[in-house]
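Readers should treat all values here as calculations from the given coordinates under stated rules, not as data from a laboratory. Source: prediction; values computed, not measured. Every residue, glycine as well, gets a Cβ built from its backbone with ideal geometry; the counts of neighbours run over all protein chains shown.
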Amino acid sequence: SAIRQIDVVEVARPELVALRDATECAAYLSLWGDRGPGIVLKVDGPRQGSLAVRLGYVLPTTPSATGRVFLAFLDPGDMGRTRPEDEDGWVSLPPDELEAALAEVREQGYAFTSNSINTGFAAVAAPVFGFDGRIAAVVTILGSHRMLAGATRKTAIAALLDTSRSVSAKLGHVADGIADDGIDLKSAK
């Protein structure tokens, strides 16, 4: 029962600082709420550009890397009421394209989006699993498209995956590199 008392935000705080230092990108932690994925912790980065997202912001589900990770790993019964994609001008993907995108997220262990929400910016997000093997949160890095789509992409993704595995382990997720859903996080691209 003690492991259920662990606060994911407090566990993630130093990990996000280290992720920001390693990537120079802004780092965010999001939790699933009744309207979709909401940012609950952020650490601004020196190379994030002029875009800054505020705490409490609810991201759209299909165009955001964070939303796609939640959609890929969250049990449908846990979704509740999500933010309608057409409400604020967000364009939803057709069902077959969305399922292909979510299958790719499950296979890779992360989601990458670029120019989806804001032109010139890219995001990479990875799941954080709890002691029960279910998704507990999502860690996301945000930076310029040039930075995250270029030569530093591979290094940034590796740092992000290390962070998501570390936070998951601190929440009691035991997987020896294999997520309970069968994703091999060690070899994620």
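A few remarks follow.
- On the beta carbon distance between N115 and D44, with R0 = 25 Å, the FRET formula returns roughly 0.75.
- Here the gap between M79 and A169, fully extended at 0.36 nm per residue and compared with their Cα-Cα distance, gives a gain of 30.0 nm.
- Full-stretch length increase - R134, L55 - with 0.36 nm per residue and alpha-carbon distance subtracted: 26.1 nm
- Stokes-Einstein translational diffusion, the stretch 92-151 - Kirkwood Rh over all Cα pairs, 1.306 mPa s, 10 °C, in µm²/s: 124
- A protection proxy built from the mean count of other Cβ atoms within 10 Å ranks the segments 109-116, 10-17, most packed first, as 109-116, 10-17.
- Sequence-distant contacts, meaning Cα pairs under 8 Å at least 6 residues apart, place the relative contact order of the stretch 105-170 at 29 percent.
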